[in-house]
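Structure first, commentary second.
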Amino acid sequence: MRQPNQLATSLAAERASGLRAGGGGGGAARKVAERQLRRGIPAWSSAGGEGRSGGGAMDIECLVLGAGQEVGKSCVVVTFGGGKRVMFDCGMHMGHRDSRRYPDFDRLLADGAADYTAAISCVVITHFHLDHIGALPYFTEVCGYHGPVYMTYPTKALAPLMLEDYRKVMVDHRGEEEQYSYEDILRCMRKVIPLDLKQTIQVDKDLSIRAYYAGHVLGAAMIYAKVGDAAIVYTGDYNMTPDRHLGAAQIDRLKSTYAKTVRDSKHAREREFLKAVHKCVSGGGKVLIPAFALGRAQELCILLDDYWERMNLKIPIYFSAGLTIQANMYYKMLIGWTSQKIKNSYTVHNPFDFKHVCHFERSFINNPGPCVLFATPGMISGGFSLEVFKKWAPSEKNLVTLPGYCVAGTIGHKLMSGKPTRIDIDKDTHIDVRCQIHQLSFSPHTDSKGIMDLTEFLSPSHVILVHGEKPQMAFLKERIESELGMQCCYPANNETVSIPTSQNLKINATEKFIASFCMDETENDPQKQNLNFGGDMPQGCRTEGVAEGVLLMEKSKTPKILREDELLHSLGMETHFVHFEPLHPSSIEVKHTGESAVQQSSLEHLDCE
């Protein structure tokens, strides 16, 4: 089952998907959240779906436009105090063909913004998968958003290939109405501002963003965003363990052991995959591996190419799309974004120069004999992978292996949900399924352990979980709250979570106040009594402790803290003293003279100065 991605946000002092932390098993998870971090960088994740909770003007508001209690169509809009608004990812849902395919962008105009450019400060894309970027050309070229769009260099290079490949599948092969054109994709990409890892980008004078390595696929990034004292980490899809061509996610203060752990279960899954493929082709069968041309396909190609070499197998391995040739070219160019193992060895042998993998022609579909075929798109959501599935599914000798999660509504999801003997494509078309179905978890996302590890490390005050199935998010929410003591929720699509924030205040301190703070250290040490004041705390002062003073706040001036004896001088007032003398005893004597009485008294006068 798919674990939610994790996003962590914090106000203080990520994931950090950040808004999203990785998904596990066969899925990804995203999170949107805001926290007062107890230490370090904030993280954010997706939280409970109770709808909008009230908050003050300084709250961080997280509007989930996509991937709320479901997988796909990732899009989370975070509003900071002061009106700064960031859209994290702009994805599409692979299982829908109606209006549910894209996020409900109209909700961005609910506050009276004139257009989308006025409503959003910037858009940040975490990686090139369609469930994160598929709606971007529609948002920029059809809806008319013209503001800044940020993504890493590899994502900018590879995204047009993914977008155009899917557009051609939907329009040319399915005959669907065109949502955006190839020219729209090119115009959209011209608006993109590329990011380097750990490069701080000042979007405007208040808003800054920074990208961190996420693993997952080439160029994937976790995004740290900050406005004033409020900060979030949107993790996007990430992987806490390295694979054959990518390293593990890395963010400031991340423990080095995270980047070195390879779970035994991963090796077991690889052995199981290779065993199933070898058994099928040894029996004369054909193996169909539906996969997108970028990401998991390269990982599995490296695995099979190495196995074929060791076993001296001569059975052909094919890749269906010419797109893969382009993709592999970019992978060779962007070696710096791969794992350390590949970076160390590529000068001798580039692992993306596959010895046993070659291009597949359509005419090969009916060829006799065994073979292995990577066909796009993944999930058998249409295109060539569906065409091949129709041909090969009726044979008991053949194998369809699904290497990852498949969203609801796709044929891949139907195959994963049981062992169907017949699949209806539409009212007039059905497929008899007699082939073997093998589901393997080669997800490049982190699992629940990875989410828990990163969340604990970042220690955010709030976690919002998105991009996961509801039962798994409910389970993870309970673990985060009970084991880590952090508030967590997982809102549904179009719900808003409001997270209260605190604000740090810059205060100046006078030299006398600092000197009084240092007094304990200097009064018995003449060499320390002549303190030099500059931008840093004077040498000899305590860094922790308690000191008394007066906080002075004046309009249009920076607040400052001073000693009591400095207050009146600072306000330009003179000092006045009132002196009270003690009251001496008094005596009253009464004399009677006839019917009258005379009272005499003696009181000391009160001097007042």
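The values are calculated or read from the model by the stated rules, or taken from the named source; none is laboratory data. Model, not experiment: these values are computed from the prediction. Every residue, glycine among them, receives a Cβ derived from its backbone with ideal geometry; neighbour counts consider all protein chains shown. Each accessible area value is taken on the protein alone, full model and side chains, heavy atoms only, with ligands, DNA and RNA left out. Shrake-Rupley method; radii C 1.70, N 1.55, O 1.52, S 1.80 Å.
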- Note on the structure: Between the modelled labels at residue 143 and residue 397 (7 Å from Cα along Cα→Cβ) the distance in nm is 5.0
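Show 473, 416 ordered by accessible area, largest first, where the area counts protein heavy atoms only and the probe is 1.4 Å. Walk me through the numbers on the way to the answer.
Details: 473 0, 416 50 Å².
Final ranking, largest accessible area leading: 416, 473.
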- Query: Hey, with R₀ at 35 Å, roughly what FRET efficiency would residue 425 and residue 269 work out to, going by the Cβ-Cβ distance, to 0.05?
  - Reply: 0.70
- Item | For the range 331-336, 3J(HN,Hα) per residue [Karplus equation, 6.51 cos²θ - 1.76 cosθ + 1.60, θ = phi - 60°, Hz, x = Gly/Pro] | 4, 5, 6, 9, 4, x
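Going by the alpha-carbon gyration tensor, a ≥ b ≥ c the square roots of its eigenvalues, is the range 318-473 rounded (a/c under 1.5) or, if a/c is not under 1.5, prolate (a/b greater than b/c) versus oblate? Mind showing how you got there, number by number?
Working: a/c = 2.55, a/b = 1.19, b/c = 2.15.
Oblate shape, in that a/c is at least 1.5 and b/c is the bigger or equal ratio.
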- Query: Considering amide H positions built from the backbone, and no H for Pro or chain starts, which residues 5 or more places from residue 70, or on another chain, come under 5 Å of its amide H?
  - Reply: 467, 468
- With each pseudo-label sitting 7 Å past Cα toward Cβ, what's the residue 580-residue 314 distance in nm, one decimal? 11.2
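What accessible area per residue comes out for the range 72-148, rounded to a whole number of Å², with a 1.4 Å probe?
Values: 2340 Å² over 77 residues.
Computed with neighbouring chains in place, this is 30 Å² per residue.
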- Item | Accessible area in the full protein assembly, largest first, 1.4 Å probe, for 74, 482 | 482, 74
- Tabulate in residue order the Karplus-calculated ³J(HN,Hα) for the range 389-405, using 6.51 cos²θ - 1.76 cosθ + 1.60 with θ = phi - 60°, rounded to whole Hz; enter x for Gly and Pro. 4, 4, 7, 9, 4, x, 9, 5, 6, 8, 9, 10, 10, 9, x, x, 5
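Over 22 Å between C-alpha atoms is what I'm after, so list which of 156/470; 286/391; 355/390 land there. Don't skip to the end; give the middle numbers.
Numbers: 156/470 32 Å; 286/391 11 Å; 355/390 29 Å.
Over 22 Å Cα-Cα: 156/470; 355/390.
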- Message: How large a share of the accessible area of the range 266-439, in percent, is made up of carbon and sulfur atoms when the probe is 1.4 Å and the other protein chains stay in place?
- Response: 51
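Using a 1.4 Å probe over the heavy atoms of the protein chains, calculate the carbon and sulfur portion of the accessible area of the range 118-195 as a whole percent. Before the final figure, lay out each step's value.
Details: 1200 of 2580 Å².
In the range 118-195, the share of accessible area belonging to carbon and sulfur is 46 percent.
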- Work out from phi, with θ = phi - 60° and the Karplus expression 6.51 cos²θ - 1.76 cosθ + 1.60, the ³J(HN,Hα) of each residue of the range 476-482, listed in order in whole Hz, and give x for Gly and Pro. 5, 4, 4, 5, 4, 6, 7
- Placed amide H near residue 193: partners under 5 Å, 5+ positions off or other chain: 149, 150, 151
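Ordering 426, 111 by how much accessible area each has at a 1.4 Å probe, largest first, what is the list? Can you show the working numbers first?
Numbers: 426 80, 111 130 Å².
Highest to lowest solvent-accessible surface, that is 111, 426.
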- Note on the structure: Given pairs 226/506; 205/560; 279/397 and cut-off 20 Å on Cα-Cα distance, the over-length ones are 205/560
- Message: Could you report the range 266-439's accessible area per residue, 1.4 Å probe, as an integer in Å²?
- Response: 46
